[in-house]
Amino acid sequence: MLKQNLQQKLLQKLSPQQIQFIKLLQVPTVSLDTRIKEELEENPALEDLSLTNLNEPEEQYPDRDPEEDSYNGDEEQGPADEFNIDDYLQEDNLNEYGSRYDQNGDDDDDRKEIPIAVQSSFFENLQAQLDLVPLPDKDFRIGQQIIGSLDDDGYLRRSITSLTDDLAFSQNIFADDDEVEDMLKVIQSFDPPGVGARSLQECLLIQLRKKDQNDPVIRKAMQVVENYLDEFTRKHYDKLEKSLSMTSQELRAVISEILKLNPKPGDSNEVNTKQMQVIPDFHITNNDGFLVLTLNSKNAPELRVSRSYQEMFEHYDKASQRDKKLKEAVQFVKQKLDSAKWFIDAIKQRQQTLLKTMNAIMQYQYEFFLTGDDKNLKPMILKDIADRIGMDISTVSRVANSKYVQTEFGTFLLKSFFSEAIQMESGEEVSNKEVKKILEENIGAEDKRHPLADERLTEILKEKGYNIARRTVAKYREQMNIPVARLRKEL
């Protein structure tokens, strides 16, 4: 049975320009160059002046307030066929917003390219070592299968039986478990030491067996790893001393030897691709007690709409006769010019939003940026900054989650300046960053033979006027990646 009914829905749609701005806003400085290059490749109507040889005298432009150039992403667009060539036949004035934020330039402009050494990967290194071992073809292919089955940490997580099955089905090689086991021992003799292990215990033992077996400390370390690894990881040192008849000094030497071992040998030769170079988006300098905020010049590219495309459109627009192909050409050029102008406006709006947001954060946390002391951080949430700059909380969040500021005290992610408020016994509200700093200081100064438990840390905070629960102390400690007291214990 068919039914008809009426529904009324309220939908909010973003224009293409707004979507482009939102995407650009969350791009960090380190990735902005790549994003701009992508746009330059896709749109021939967009030009980068830094890549173009302009045989024209440079024009001087006065500094202007960023607010004068505000871009409203919500402006209504006129009909598609309304088009004014004057909007595009502009002077090369884009450098006006590209340089005014940082009058002294940026160190990045003079930075030279650093050559990167070519490094072989972890698996290529193992394969090269296998190539040097004189082996029958069957054993060589078994060795290749083992290397290919290792995980990124250098461990063999698959059973020997699974490897023999893989060899039979994928390579038509019929090997028994003993043959695979023998080749695994060959792989385990390779560098880095510990590679090819099937457990942490085996990994550590492989490394210890390559050391001087006449050294009593090495022999004791092997005993600990082989028979008391669980007690060692749980730091039950009293039990280890008693079981192995060692003094505290001897156990300390054994522990030091074990801690030198690499629990993840696969990481030793591998370039960590997850680490991204941090390029600060802002710089804050202290000029005799007055803070000066500048935007990294990489955020201000010298972009303009292509003159050749402008002239091409002007030529088409003045054509006396227009056939279908000419209309299509006009539409194509118009689309590219629009896209270039939108991108330039989005970059411009991105700069203004970044500066406005960072300036509000700097004013809010002025004392911190003067002193660098975490105790001077005031409680601050996203809404505090959003209200100050008259923008949406989501906009502030996009800036805070991906942008960095360089100060004389270090480089910080903007997100780190936001914190919840904690009520003191006096009624004053302080940032939880202040509480974390006190926790860090007390844990750093504790007697490592008798580390402070969470209950004792809670008491210390209460003595200082911070009335918070033990579970909150545990939460803050975990957020700072500090282990529980038992695991902080040292001899």
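The values are calculated or read from the model by the stated rules, or taken from the named source; none is laboratory data. Keep in mind it's a predicted model, so treat the numbers as computed, not measured. Cβ coordinates were reconstructed from backbone atoms using ideal geometry, including for glycine residues, and neighbour counts include every protein chain displayed. We work out accessible area using only protein heavy atoms, side chains counted, and drop any ligands, DNA or RNA first. Shrake-Rupley method; radii C 1.70, N 1.55, O 1.52, S 1.80 Å.
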In segment 172-202, residues that are more than 20 Å from residue 261 (Cα to Cα) and open to solvent by 50 Å² or more (accessible area, probe 1.4 Å) total 8
Please specify each residue of segment 125-162 satisfying the condition of being of a type in the set (Asp, Glu), surrounded by fewer than 16 Cβ atoms within 10 Å (Cβ to Cβ) and either in contact with a His (Cβ under 8 Å, 6 or more places away or on another chain) or within 20 Å of residue 203 (Cα to Cα) (or both). 151, 152
Count of residues meeting criterion [open to solvent by 70 Å² or more (accessible area, probe 1.4 Å) and touching a residue at least 60 places away in the same chain (Cβ under 8 Å)] in segment 203-223: 0
Pairs, please: C-beta under 6 Å, at least 6 apart or cross-chain, first residue in a helix (DSSP H, G or I) and in segment 166-185, second open to solvent by 80 Å² or more (accessible area, probe 1.4 Å) and modelled with pLDDT of 85 or more? 168/174
May I ask you to list the residues in segment 282-300 that are within 15 Å of residue 348 (Cβ to Cβ) and hydrophobic (A, V, I, L, M, F, W, C)? 295, 300
Could you list all residues from segment 368-394 that are over 16 Å from residue 437 (Cα atoms) and open to solvent by less than 60 Å² (accessible area, probe 1.4 Å)? 369, 370, 380, 382, 384, 385, 386, 389, 391, 394
Please work out which one of (1) under 30 Å from residue 362 (Cα atoms); (2) without any contact (Cβ under 8 Å) to a residue 60 or more places away in the chain; (3) not β-branched (Val, Ile, Thr) is the condition residue 445 fails and give its number. (1)
Here's a check for you: in segment 1-29, which residue that is of a type in the set (A, V, I, L, M, F, W, C) and open to solvent by 40 Å² or more (accessible area, probe 1.4 Å) is modelled with the lowest pLDDT? 11
Hand me the list of helices (runs of 4 or more DSSP H) wholly inside segment 284-373 holding 2 or more residues that are aromatic (Phe, Trp, Tyr) and modelled with pLDDT under 85. 307-317
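Rundown of residues vs (1) among the basic types (Lys, Arg); (2) within 17 Å of the chain's Cα centre (by Cα); (3) within 26 Å of residue 299 (Cβ to Cβ); (4) outside any strand (DSSP E or B), yes/no style:
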residue: 383; (1), (2), (3), (4): yes, no, yes, yes
residue: 386; (1), (2), (3), (4): no, no, yes, yes
residue: 397; (1), (2), (3), (4): no, yes, yes, yes
residue: 411; (1), (2), (3), (4): no, yes, yes, no
residue: 415; (1), (2), (3), (4): yes, yes, yes, yes
residue: 423; (1), (2), (3), (4): no, no, no, no
Could you check segment 469-491 and list, in sequence order, the residues that are of a type in the set (S, T, N, Q) and not in a helix (DSSP H, G or I)? 481
Are any of the residues in segment 460-482 on the phi > 0 side of the Ramachandran plot, free of Cβ contacts under 8 Å to residues at least 24 places away in the same chain and under 32 Å from the mean Cα position of the chain (by Cα)? yes
Filter result (of a type in the set (D, E, K, R) and either at pLDDT 90 or above or not in a loop (DSSP other than H, G, I, E, B) (or both)) within segment 216-234: 219, 220, 226, 230, 231
Just to be sure before I move on: is residue 226 buried (at least 17 other Cβ atoms within 10 Å of the Cβ) and out of contact with any His (no Cβ under 8 Å at 6 or more places or on another chain) in the structure I sent? no
Here is a check on your reading of the model: is residue 402 under 30 Å from residue 43 (Cα atoms) and within 24 Å of the chain's Cα centre (by Cα)? yes
Top-ranked residue of segment 235-268 - restricted to ones that are open to solvent by less than 40 Å² (accessible area, probe 1.4 Å) and outside any helix (DSSP H, G or I), ranked as nearest to residue 489 (Cα to Cα): 246
Among the numbered criteria (1) hydrophobic (A, V, I, L, M, F, W, C); (2) closer than 30 Å to residue 131 by Cβ; (3) assigned to a loop (DSSP other than H, G, I, E, B), which single criterion is violated by residue 208? (3)
